[in-house]
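Written out below as structure tokens is the structure these notes cover.
Read-outs throughout are calculated quantities, based only on the coordinates presented, and are distinct from any laboratory measurement. Note that the coordinates shown come from a computational prediction; the quantities given were computed from them, not determined experimentally. All Cβ positions, glycine included, derive from the backbone under ideal geometry; neighbour counts span all protein chains shown.
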Amino acid sequence: MSEAVIQVENLTKKFGDFYAVKNIDFEVERGEVFGFLGANGAGKTTVMKMLCGLITPTSGKAMVAGFNVFGQQNEIKKNIGYMSQRFSLYEDLTVIENITFYGGIYGLTNAEIKERAYRLIEMHGLGEVKNQLLASLPLGWKQKLAFSVALIHRPQIVFLDEPTGGVDPITRRQFWESIYEAAHSGITLFVTTHYMDEAEYCDRISMMVDGEIKGLGTPTELKQLHHAKNMDEVFVNLARKKEFIE
Amino acid sequence: MNRFIAFVKKEFLHILRDKQTLLIMFGLPVVQVVLFGFAITTEIKDASISILDLSRDHVTRKISNKILSTGYFKLDTYLDHEGEIEQAFKEGKVKEVIVFGRNFATEFESGNARVQLIVDATDPNTGTTLINYTSAIILDFIRGEYPEAGMFRPVALETRMWYNPELKSVYYFIPGVITIILMIVSTMLTSISLTREKELGTMEVLLASPMKPAQVIIAKVVPYMILSFINAVIILIMGKTIFGLPLEGSLALLLGETLLFILVALSLGVLISTHAATQQVALMISLFALMLPTILLSGFIFPVENMPLILQLIANVIPAKWFVIILKDIMLKGSDITDIWKETLVLVLFCLVFIAASVKNYKVRLE
């Protein structure tokens with residue numbers, strides 16, 4: 001059973017004469033953990049911004065959660081969650097205040113917020129610290145909480161922009177466990193990352209080099225195709241090819 | 001609407017949790033009002049003077065008594081001869097020496113009486129004010145006692161201090177203080193709080209939410225608008241109760257104009273935040289690029305009319321200058337909107353320009 005929740009065809013974004021993103025195509029299916037890889041400046045962030053409805057593409061087609069990135073940005077925003085590498089929570093607010101705030105700006109009713117906040121706090125065992133300022137919590141908890149908060153309005157897709165940047169390996173592993181949990185419940189996860197070992201955790205990945213997608217498939221497929229032992233080699237291979245052509 | 005309320009609530013929480021912001025917001029106005037109201041005064045009260053009376057007759061005695069009974073002056077000593085004048089100044093005991101010429105009473109009848117006023121002009125402003133005060137008192141005496149005495153009436157002394165007859169400096173400072181405070185609270189705190197969201201990365205999340213960018217900004221600005229307004233009211237009440245500041249014009253108009261100026265300051269804060277990448281940059285821009293010109297060129301301390309032409313021209317692009325005029329006109333002169341519509345229009349224009357520039361910048365940055 002496959003149902004695409006993100007469909008991208010020939011998507012292009014130009015800044016002046018510069019192609020930040022050039023004719024890319026891909027699809028992401030419901031419940032998939034889709035890794036979006038690439039070096040800095042390869043155009044990852046631009047793609048993500050277009051899919052989140054923050055900027056309008058120059059040309060091409062893209063549907064996110066059934067809505068068009070041309071003109072239906074607001075509908076898209078209601079159906080996606082977003083979490084950046086900087087956790088996006090407020091340190092000077094308490095756990096419960098953070099949850100209430102994000103529930104509020106996604107238009108949940110007070111009753112909904114109350115119920116979901118309760119479940120969320122139960123699930124993560126945050127009962128004792130719910131009235132503490134976020135600043136007093138350990139990093140791992142903050143990150144988990146940030147992820148749960150990004151899910152509070154029950155989005156179809158969650159965009160994670162380098163969610164594990166600057167986090168220790170144990171916390172990273174725990175975080176990936178929560179990502180899988182979310183995927184099992186039918187949420188689609190679109191993850192950008194720098195860590196090539198993390199790429200192996202994804203169902204499928206795409207690799208961007210200079211605004212174009214140079215590799216797309218499951219980690220195993222890509223490794224076979226490039227005769228590589230791990231994703232690191234695949235990445236180096238793709239990046240080298242580019243140098244060679246030049 | 002619920003989204004909006006949730007946002008405003010969160011913004012208030014930020015402000016209430018941040019001791020520094022609270023201090024700037026509510027401590028600063030009180031300190032400034034007290035500082036400007038009490039410490040920095042250009043008015044004269046109990047200025048020490050000496051009198052060298054070479055005549056010692058009934059007229060000079062009457063004039064001396066009149067001068068000393070006003071409360072502006074306090075007698076240090078009567079001097080005996082001219083040699084003591086310089087001594088008195090050098091010791092720094094007196095600010096002014098009044099010298100009555102010989103045979104004052106008889107010369108007075110014939111119109112040849114002479115009074116010399118010598119002031120310590122190391123502080124020129126005070127010196128000028130002392131001269132003005134003293135001459136006014138003497139002139140007043142002559143008019144009262146000898147209406148027919150024509151000669152002793154230099155035209156230059158014919159001065160009147162309108163609107164602030166006692167030259168109370170606090171009348172000038174309070175409008176200035178309100179302006180500065182609103183500028184600090186509205187512009188600086190708004191620009192910092194907006195850049196903080198950028199710096200923390202929460203801005204991205206807010207933009208990826210269904211809240212529109214304009215909603216985000218308005219929701220962030222509303223709490224500061226409310227607090228600024230409360231602040232302005234506090235300063236006005238302080239001015240009224242502590243310093244007896246008059247309010248000749250309409251209170252509604254005054255509050256309306258205050259709100260308009262708050263909007264100008266807030267939109268300026270938003271504009272700064274679209275330029276500044278970090279809170280520190282926002283602070284620097286608001287503090288140095290903004291506060292200093294506001295204090296110096298708004299006419300709050302130094303009269304703009306006395307400045308070189310180039311500075312006068314620059315002063316025109318300082319929103320505070322126009323607001324200070326509006327405030328003074330409403331509070332001291334009792335002007336209504338027909339008198340100050342030009343200044344009001346200028347403020348409205350500032351507001352529109354700042355908003356337009358912010359929107360433009362904001363779009364560019366998002367790309």
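Rounded to the nearest 5, what % of the DSSP beta bridges within the range B:47-157 are antiparallel ones? Working shown, then result.
On the way: 5 of 15 bridges.
Looking only at bridges with both residues in the range B:47-157, the antiparallel portion is about 35 percent.
Just order B:23-33, A:181-191 by mean Cβ neighbour count inside 10 Å, highest at the front, would you?
A:181-191, B:23-33
With the cut-off at 25 Å, tell me which of the pairs A:Lys13/B:Lys220; A:Lys49/B:Lys360; B:Lys45/B:Lys93; B:Lys9/B:Lys240 have Cα atoms farther apart than that.
Pairs exceeding the cut-off: A:Lys13/B:Lys220; B:Lys9/B:Lys240.
Radius of gyration and Dmax for the range B:293-354's Cα atoms, expressed in Å?
Looking at the range B:293-354, its Cα Rg and Dmax stand at 11.8, 31 Å.
Apply the Debye scattering formula to the range A:57-201, with a single equal point scatterer on each alpha-carbon and no solvent, then give log10 I(q)/I(0) at q = 0.11 Å⁻¹.
Log10 of I(q)/I(0), two decimals: -0.43.
Taking the dipole about the Cα centre of the range B:278-367, with the C-beta of Lys and Arg at +1 and of Asp and Glu at -1, give me whichever of B:Ile310, B:Trp322, B:Val359 is farthest to the positive side.
Farthest towards the positive pole: B:Val359.
In debye, nearest 20, what is the charge dipole magnitude of chain B about its Cα centre with +1 on Lys and Arg Cβ and -1 on Asp and Glu Cβ, if you could check?
1700
Taking every eigenvalue of the Cα gyration tensor of the range B:249-367, multiplying by 5 and rooting it, what semi-axes result, largest first, whole Å?
Numbers: eigenvalues 149, 65, 28 Å².
Equivalent ellipsoid of the range B:249-367: 27, 18, 12 Å, largest first.
Based on other C-beta atoms within 10 Å, arrange A:Asp161, A:Asp25 from fewest to most. Intermediate values should be presented prior to the final figure.
Numbers: A:Asp161 25, A:Asp25 15.
Exposure proxy ranking, most exposed first: A:Asp25, A:Asp161.
Using packing as a proxy for protection, rank A:170-180, B:316-326 so that the peptide with the highest average count of other Cβ atoms within 10 Å comes first.
Values: A:170-180: 15.9, B:316-326: 22.7.
In decreasing order of mean packing, A:170-180, B:316-326 become B:316-326, A:170-180.
In whole angstrom, and with the biggest value first, how far do the Cα coordinates of the range B:47-157 range along each principal axis?
40, 27, 21
Treating each Cα of the range B:212-266 as an identical point scatterer and ignoring solvent, apply the Debye formula and state log10 I(q)/I(0) at q = 0.17, 0.29 Å⁻¹.
Each listed q maps to, in turn, -0.61, -1.15.
Counting only Cα atoms, I'd like the Rg/Rh figure for chain B, Kirkwood definition for Rh. Intermediate values should be presented prior to the final figure.
On the way: Rg = 27.1 Å, Rh = 23.9 Å.
Rounded to two decimals, Rg/Rh equals 1.13.
For the protein assembly as shown, give the share of DSSP beta bridges that are antiparallel, in percent and rounded to the nearest 5; count only bridges with both residues there.
Working: 26 of 56 bridges.
So the antiparallel bridges in the protein assembly as shown amount to around 45 percent.
What Kirkwood radius, in Å to one decimal, follows from the Cα pairs of chain A?
Numbers: mean 1/r = 0.0531 Å⁻¹.
Final number for the Kirkwood radius of chain A is 18.8 Å.
If you put +1 on each Lys and Arg Cβ and -1 on each Asp and Glu Cβ, how big is the dipole of the range A:18-146 around its Cα centre, in Debye rounded to 20?
Values: 14 positive and 12 negative charges, 50 e Å.
Approximately 240 debye in magnitude.
Take every residue in peptide B:206-217, count the Cβ atoms of other chains within 10 Å of its Cβ, and give the average of those counts.
5
Largest first and in whole Å, give the semi-axes of the range A:8-79's equivalent ellipsoid, each being the square root of 5 times a Cα gyration tensor eigenvalue.
Details: eigenvalues 71, 47, 23 Å².
Over the Cα atoms of the range A:8-79, the ellipsoid semi-axes are 19, 15, 11 Å.
Roughly how many whole Å is it from the C-alpha centroid of the range B:4-75 to that of the range A:81-117?
Taking the Cα centre of the range A:81-117 as reference, the centre of the range B:4-75 is 49 Å away.
For chain A, what proportion of DSSP beta bridges, expressed in % and rounded to the nearest 5, is antiparallel? The partial results should precede the final answer.
Working: 21 of 41 bridges.
Around 50 percent of the beta bridges assigned by DSSP in chain A are antiparallel ones.
Tell me the GluC sites (Glu not before Pro) within the range A:1-42 that lie in a loop according to DSSP and have at most 13 other beta-carbon atoms within 10 Å. Could the numbers behind the result be given before it?
Details: sites: A:Glu3, A:Glu9, A:Glu27, A:Glu29, A:Glu32; in loops: A:Glu3, A:Glu32.
Taking the range A:1-42 and a limit of 13 other Cβ atoms within 10 Å, the loop GluC sites (Glu not before Pro) found are A:Glu3.
With only Lys, Arg, Asp and Glu charged, each at its Cβ (+1 for the first two, -1 for the last two), find how big the charge dipole of the protein assembly as shown is about the Cα centre; round to the nearest 20 debye. Before the final figure, lay out the partial values.
Numbers: 58 positive and 64 negative charges, 204 e Å.
Magnitude of the dipole: close to 980 debye.
Return P(r) of the protein assembly as shown (all Cα-Cα pairs; 20 Å bins starting at 0; whole %; ordered from short to long distances).
Reading upward from the zero bin: 16, 35, 24, 14, 9, 2, 0.
For the range B:252-313, what are the per-bin percents of Cα-Cα distances with bins 5 Å wide, up to the bin holding the maximum?
Per 5 Å bin, starting at 0, the Cα pair percentages come out as 4, 15, 17, 19, 19, 17, 8, 2.
So for the range A:109-151, what are the equivalent ellipsoid semi-axes in whole Å, largest first, each being the square root of 5 times an eigenvalue of the Cα gyration tensor? The partial results should precede the final answer.
Numbers: eigenvalues 65, 26, 17 Å².
Rounded to whole Å, the semi-axes are 18, 11, 9.
Can you flag which of B:Lys19/B:Lys328; A:Lys77/B:Lys10; A:Lys22/B:Lys10; B:Lys74/B:Lys328 are past 30 Å Cα-Cα? Don't skip to the end; give the middle numbers.
Working: B:Lys19/B:Lys328 33 Å; A:Lys77/B:Lys10 21 Å; A:Lys22/B:Lys10 40 Å; B:Lys74/B:Lys328 32 Å.
Checking Cα-Cα distances, B:Lys19/B:Lys328; A:Lys22/B:Lys10; B:Lys74/B:Lys328 exceed 30 Å.
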